[in-house]
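The values are calculated or read from the model by the stated rules, or taken from the named source; none is laboratory data. Everything numeric in this text was worked out from a predicted model, so none of it was measured. Please note: Cβ atoms are built from the backbone with ideal geometry, for glycine as well, and neighbour counts cover all protein chains shown.
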Amino acid sequence: MKKLTEAKVIQIRELHKEGMKQIDLARKFNVKQSTINYWLLSDKERDSRNEKVVERFRNRTPKEKSLIYKRRLPYLKKYMKNRYKEDKEFRDKQITASMKYQERIKKENGK
């Protein structure tokens, strides 16, 4: 699935106003229908929806959260690897954070 740009979201909203169905928009932009539905919501509705998702996650048991993390890990690794390759600022921040972490571990271990 591809990430939608702001220009594509605007185009989706215009096509939907003209009468194009969500399923057809999803096929045209190579995304899930739920993605189309999400971007057709108002900002307030999207914020409300996001808050509900976060709240549902907070209410899960540690075991359920662990399973979710394990399922998401391959996708996260792929995202981080691509972002690391493409974005110099991101790469620099990651290197800086890693160095600070290593220094903190050394201090904690008394080295």
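To keep it simple, each residue is scored yes or no on (1) at pLDDT 95 or above; (2) touching a Gly at 6+ places or on another chain (Cβ under 6 Å); (3) within 22 Å of Y79 (Cβ to Cβ).
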position	(1), (2), (3)
E6	no, no, yes
E14	yes, no, no
E18	yes, no, no
K21	yes, no, no
S34	no, no, yes
Y38	no, no, yes
E45	no, no, no
V54	no, no, yes
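Quick test for you: out of K81, K63, pick the one residue that is of a type in the set (K, R), part of a helix (DSSP H, G or I) and modelled with pLDDT of 90 or more. I'd like the intermediate steps shown before the answer.
Working: K81 fails: modelled with pLDDT of 90 or more.
That would be K63, the only listed residue that is of a type in the set (K, R), part of a helix (DSSP H, G or I) and modelled with pLDDT of 90 or more.
Where the second residue is surrounded by 10 or more Cβ atoms within 10 Å (Cβ to Cβ) and modelled with pLDDT of 85 or more and the first is assigned by TED's automatic domain parsing to the domain that holds R83 and farther than 18 Å from M80 by Cβ and lies in the range 93-111, which pairs have Cβ atoms under 8 Å and are six or more apart or on separate chains?
none
I'd like to verify a number: residues in the range 12-28 that are without any contact (Cβ under 8 Å) to a residue 12 or more places away in the chain and either closer than 15 Å to R46 by Cβ or polar (S, T, N, Q) (or both), how many?
So the count comes out to 0.
Would you pick out the residues in the range 34-66 that are surrounded by 11 or more Cβ atoms within 10 Å (Cβ to Cβ) and either hydrophobic (A, V, I, L, M, F, W, C) or in contact (Cβ under 8 Å) with a residue 40 or more places away in the chain (or both)?
I36, W39, L40, L41, F57
If V31 satisfies all but one of (1) without any contact (Cβ under 8 Å) to a residue 12 or more places away in the chain; (2) outside any helix (DSSP H, G or I); (3) not small (G, A, S), what's the number of the condition it fails?
Checking V31 against (1) without any contact (Cβ under 8 Å) to a residue 12 or more places away in the chain; (2) outside any helix (DSSP H, G or I); (3) not small (G, A, S), the one that fails is (1).
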